[in-house]
């Protein structure tokens, strides 16, 4: 009997605030600890040296959101917390439709989340509040998606030896993975397309991504073609799943 698949899912810009002052589990600290420490040092220096206007542009936030971003990032740099499990921290549209609260702990523990702060985390690992995207470029580090790639890829390669990985990542987060170094037989990539074959975007595309990810975590991929959500349908080949928008 084959093991249930892992899924690669992006984080969300929307995050629940607060959490516990005591840090919980973090299974990737051994693999990624050195890279994380380097990133925190660089980010901390940038936040001390740049003006509020420059930081607002870097983090892509203004007003009250900027104040929260600065406070959260400074706490994350100092590893002061607070921490929440990733499945509770991320609360954007994809995660709302993923409905992680309806998953079991073991199911939430098969969700892998590449992200700008820690490189990679399980859905059940502790994550600080933060405001940082894979598109950000930092001095001496460069664009974070590319910078994380050499650290994240070997971890995924190791995990893919035992389980198939179903990949829901958008381009921004997919750049943190060197796919040429992974066994193509172990990766199933998911694409979301509109009627004309172009990339599907917007609220509906995010909603169906979350709902399909929930389906895969709960039920695997053997009957994925039976999945239905609103006006979307699913087509599967050996190494790809195409989620196609239909007529409303």
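Derivation of every value follows stated rules applied to the coordinates shown; laboratory data play no part. As the structure is a prediction and not an experimental result, all values here were calculated from the model. Note that we place each Cβ from the backbone using ideal geometry, even for glycine, and neighbour counts take in every protein chain shown.
The angle separating the long axis of helix 144-159 from the principal Cα axis of greatest extent in the chain is about 50 degrees. Using Cα springs under 10 Å in a Gaussian network model of the chain, which residue among 37, 53, 99 shows the largest mean-square fluctuation? Result: 53 has the largest fluctuation of those listed.
Here the Gaussian network model covers the chain, with springs between Cα atoms less than 10 Å apart; of 56, 174, 86, 56 fluctuates the most. FRET efficiency for the residue 102 to residue 242 pair, using the beta carbon distance and R₀ = 35 Å, is estimated at 0.85. Stretched out straight at 0.36 nm per residue, the stretch from residue 191 to residue 78 would grow longer than its current Cα-Cα span by 36.9 nm. GNM on the chain, alpha-carbon springs under 10 angstrom: the most fluctuating residue among 59, 90, 130 is 59. Using only Cα atoms, tell me the angle between helix 203-219 and the longest principal axis of the chain; keep it within 0 to 90° and round to the nearest 10. Between the helix axis and the principal axis of the chain, the angle is about 70 degrees. Here the alpha carbons of the chain define both size measures, Rg and Dmax, at 18.0, 56 Å. A simple spin-label model places the labels of residue 218 and residue 157 3.6 nm from each other, with each point 7 Å out along Cα-to-Cβ.
Among bridges DSSP assigns within the chain, what percent are antiparallel (round to 5)? The antiparallel proportion sits near 60 percent.
Residue-normalised convex hull volume from the C-alpha trace of segment 139-180: 63 Å³ per residue.
Calculate the spin-label point distance for residue 68 paired with residue 228, positioning each point 7 Å from the Cα along the beta-carbon direction, and give it in nanometres. Those two pseudo-labels are separated by 3.8 nm.
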